[in-house]
Amino acid sequence: MSDNNPWTRAKKQLQTAAKNFPIDPMLLARLQHPDRIVEVSVPLKRDDGSIVVYQGFRVQHNNIRGPYKGGLRFHPQVDMDEVKALSFWMTIKNAVIDVPFGGGKGGVNVDPKKMSAGELERLTREFARKLSPVIGPYTDVPAPDVNTNGTIMTWIMEEYSKIAGKETPAVITGKPLERGGSLGRPEATGLGGYYALLSFLKFKRIKTKGLTVAIQGFGNVGSFLAHYLEEEGMKVVALSDSKGGIYMPAGIPSISEVQKCKDASGRVGGCYCIGSVCDMSNMKKLGGREISPEKILELPVDILVPAALENALTKENAKKVKAHIILEMANGPTTAEADAVFKSKRITVIPDVLANSGGVAVSYFEWYQNVHKERWSKEAVFKKLKGKMDSACERVYEISRELKISLREAAYVSALKSLSKFKVRP
Ligand code: GLU
């Protein structure tokens with residue numbers, strides 16, 4: 001099977017991890033096979049009266065460490081093997097960042113960008129009703145992922161609560177603040193990635209000021225990360241979304257202006273901003289040029305951040321990567337072959353299961369606040385997030401040095417060590 005099948009890759013990663021850190025064969029068997037896979041039909045009446053039936057998925061990979069936990073994505077590329085891999089990566093991620101959750105993931109194979117607001121709401125509510133028998137605050141707790149957000153989470157919570165007969169905010173995380181969400185959850189994945197990057201720069205004694213960064217993906221994760229890197233004095237030189245990108249070798253003058261421009265125009269391409277005026281006519285003045293989401297990966301920068309989808313870095317483009325650090329903010333952005341190229345070129349890859357674990361860490365804080373009816377300040381959330389990220393980075397870095405393995409392999413060992421402490425049923 002192809003290198004680009006994420007589930008095949010995930011199973012290979014597990015095999016390597018089990019070689020580096022042998023585990024109980026029953027635990028290995030459980031990790032090789034998701035506990036439960038759920039497929040549902042999601043019929044939708046479009047605004048024009050036609051009926052379309054989408055496929056919805058939820059894979060509950062493993063719950064040894066706690067309730068299944070992981071996002072729901074709406075994307076035409078969603079299929080069972082993708083969701084299986086993503087759910088497995090959640091089991092690993094939750095163990096690496098040390099939150100008391102197992103791994104799950106789900107989604108619908110739909111392009112929400114081609115839907116009206118009403119269609120999106122009807123689709124989501126139907127999907128939630130179909131999922132409600134298998135989710136719950138102590139069984140499986142979904143969250144946002146690609147193309148899903150707080151509003152969508154609220155619809156799911158409402159449908160679940162209706163069926164459960166009581167308000168149940170803890171069934172889902174990533175909710176808006178006024179519906180039981182946590183302060184700091186929107187920032188969490190980007191901020192966690194920033195903390196992870198700082199940790200590794202510190203381990204390697206690299207100064208942050210002036211480091212150049214290219215980011216593929218300017219959604220929730222990429223945009224917050226760009227903002228924190230800018231604040232740190234790093235130079236974000238390129239940004240892209242699925243439609244195109246901007247490249248300014250001298251540095252993008254203001255991430256927040258680009259953000260406003262993207263919010264207004266729906267795309268990052270063309271957002272050449274001088275003050276609050278953003279348009280193509282500024283491109284030349286800023287020494288900029290248009291760049292495709294693919295070419296952004298090959299720019300001469302210090303740090304490359306894939307923050308979009310799986311399989312961005314392949315055997316074809318890996319050799320052209322010039323960055324010496326890759327911060328994986330997407331899930332599964334690097335194919336196995338690309339990973340081998342980076343290893344041979346001694347490029348430091350801060351792996352997804354660590355780099356983007358800030359999101360689920362704060363999801364745990366949100367769930368905890370819901371269950372205990374507490375409200376934490378943003379400062380408290382950020383402090384706890386930093387604590388979790390710093391400890392996880394230290395554990396992974398130590399293992400990588402001790403066993404002389406890559407950070408990805410070390411993250412898997414860290415996860416297996418943690419999973420091994422729990423009893424596996426025979
Ligand atoms: N979708 C995010 C991830 O891939 C967050 C999951 C969560 O908060 O449960 O980590």
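Treat every Asp and Glu Cβ in the chain as -1 and every Lys and Arg Cβ as +1, leave all other atoms uncharged, and give the resulting dipole magnitude about the Cα centre to the nearest 20 debye. List each step's numbers first, then the result.
Values: 62 positive and 46 negative charges, 202 e Å.
I would put it at about 980 debye.
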- Message: Probe radius 1.4 Å, ligands and nucleic acids ignored: give me the carbon and sulfur share of the accessible area of the range 113-162 as a rounded percent.
- Response: 57 percent
- In a solvent-free Debye calculation with one equal scatterer on each Cα, what is log10 I(q)/I(0) for the range 163-214 at q = 0.13, 0.19 Å⁻¹, listed in the order of the q values? -0.53, -0.74
- Remind me, relative contact order of the chain in percent, using alpha carbon pairs under 8 angstrom and six or more residues apart? 17 percent
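Evaluate 2.2 N^0.38 Å with N set to the residue count of the chain, then give the Cα radius of gyration divided by it.
Details: Rg = 20.7 Å, N = 426, 2.2 N^0.38 = 22.0 Å.
That works out to 0.94 for the chain.
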- Item | Residues of the range 37-162: accessible area per residue with a 1.4 Å probe, Å² | 32 Å²
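If a/c stays under 1.5 just call it rounded; otherwise compare a/b with b/c (prolate if a/b is bigger, oblate if not). Do that for the range 93-223, with a ≥ b ≥ c from the square roots of the Cα gyration tensor eigenvalues.
It is prolate, given that a/c is not under 1.5 and a/b is the larger ratio.
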- Query: Do any cysteines of the chain lack a neighbour Cys whose Cβ is under 4.7 Å away, and which are they?
  - Reply: Cys393
- Restricting the count to DSSP beta bridges whose residues both fall in the range 194-268, what percent are antiparallel, rounded to a multiple of 5? 45 percent
- Taking protein heavy atoms only, a 1.4 Å probe, and rounding to whole percent, the accessible area of the range 1-60 owed to carbon and sulfur comes out at 54 percent
- What is the Cα centroid distance between the range 160-216 and the range 328-371, reported in whole angstrom? 12 Å
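Accessible area of the range 170-304 with a 1.4 Å probe: how many percent of it is carbon plus sulfur?
56 percent
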- Query: Looking only at Arg185, Arg122, Arg205, which one moves most when the chain is put into a Gaussian network model with springs between Cα atoms under 10 Å?
  - Reply: Arg205
- Message: Probe of 1.4 angstrom, ligands and nucleic acids ignored: what's the accessible area per residue over the range 274-426, in square angstrom?
- Response: 46 Å²
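Hey, what's the range 187-227 come to in accessible area per residue, 1.4 Å probe, Å²?
Details: 1480 Å² over 41 residues.
Spelled out: the 1.4 Å probe surface of the range 187-227, per residue, equals 36 Å².
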- Net charge near Gly245 (other residues with Cβ under 9 Å of its Cβ; Lys, Arg +1; Asp, Glu -1) is 0
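The values are calculated or read from the model by the stated rules, or taken from the named source; none is laboratory data. No experiment lies behind these values; they were computed from the predicted model shown. Glycine also receives a Cβ, built like all others from the backbone with ideal geometry; neighbour counts cover every protein chain displayed. What goes into the accessible areas is simple: the full protein's heavy atoms, side chains included, and nothing from ligands, DNA or RNA. Shrake-Rupley method; radii C 1.70, N 1.55, O 1.52, S 1.80 Å.
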